[in-house]
Amino acid sequence: MNDTMSVFNEVFEMPAEDLADIYSEDPNRSCRLFTSGSPYANEDVHYWRDFLRHPCHPDLDACIQQWPEKPTRYR
């Protein structure tokens, strides 16, 4: 569990340019980083989360090729 959390921290601490490669608001993109939440200006309390979504089923070996290349130990 600690190793997994460490890798996730590495992902979200990557430079903005690297994160921009995987950021997308397109819900049809199979591998994407996105933020959920209401429009910032319309919220009394600001609550949002960053997500990294990617396929892993039914064939992990095929899906893993779509995963981000950085950080290298993510794959």
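With the crude spin-label approximation of a point 7 Å out along Cα→Cβ, what separation in nm comes out for D3 versus C31?
Output for this residue pair reads 2.0 nm.
Using the Karplus curve 6.51 cos²θ - 1.76 cosθ + 1.60 with θ = phi - 60°, work out ³J(HN,Hα) for each residue of the stretch 64-75 in order, rounded to whole Hz, and write x for Gly and Pro.
Computed from phi, the couplings for the stretch 64-75 are 4, 5, 8, 6, x, 7, 10, x, 4, 7, 4, 6 Hz.
Using the crude model of +1 on Lys and Arg Cβ and -1 on Asp and Glu Cβ, and no other charge, please compute the dipole size for the chain relative to its Cα centre, in debye to 20.
Computed charge dipole of the chain: roughly 180 debye.
Can you give the relative contact order of the chain as a percent, counting alpha carbon pairs under 8 Å and 6+ residues apart?
Once normalised by length, the contact order is 29 percent.
Looking at the chain, identify the longest residue range that excludes and avoids all chymotrypsin sites (Phe, Trp or Tyr not before Pro) in DSSP loops having at most 13 other Cβ atoms within 10 Å.
Details: sites that count: Y47, W48.
Counting only loop sites that pass the neighbour cut-off, the longest clear stretch is 1-46.
Between helix 2-12 and the chain, what is the angle of the helix's C-alpha long axis to the longest principal axis, kept within 0 to 90° and rounded to the nearest 10?
For 2-12 against the chain, the angle is about 60 degrees.
How many nm separate the modelled label positions at D44 and D59, each set 7 Å beyond the Cα in the direction of the Cβ?
Spacing of the two 7 Å Cα→Cβ label points: 5.2 nm.
Only the coordinates and a few stated rules stand behind these numbers; no lab work does. All of these numbers come straight from a predicted model, not from anything done at the bench. Cβ sites come from the backbone with ideal geometry, for glycine too, and all protein chains shown count toward neighbours.
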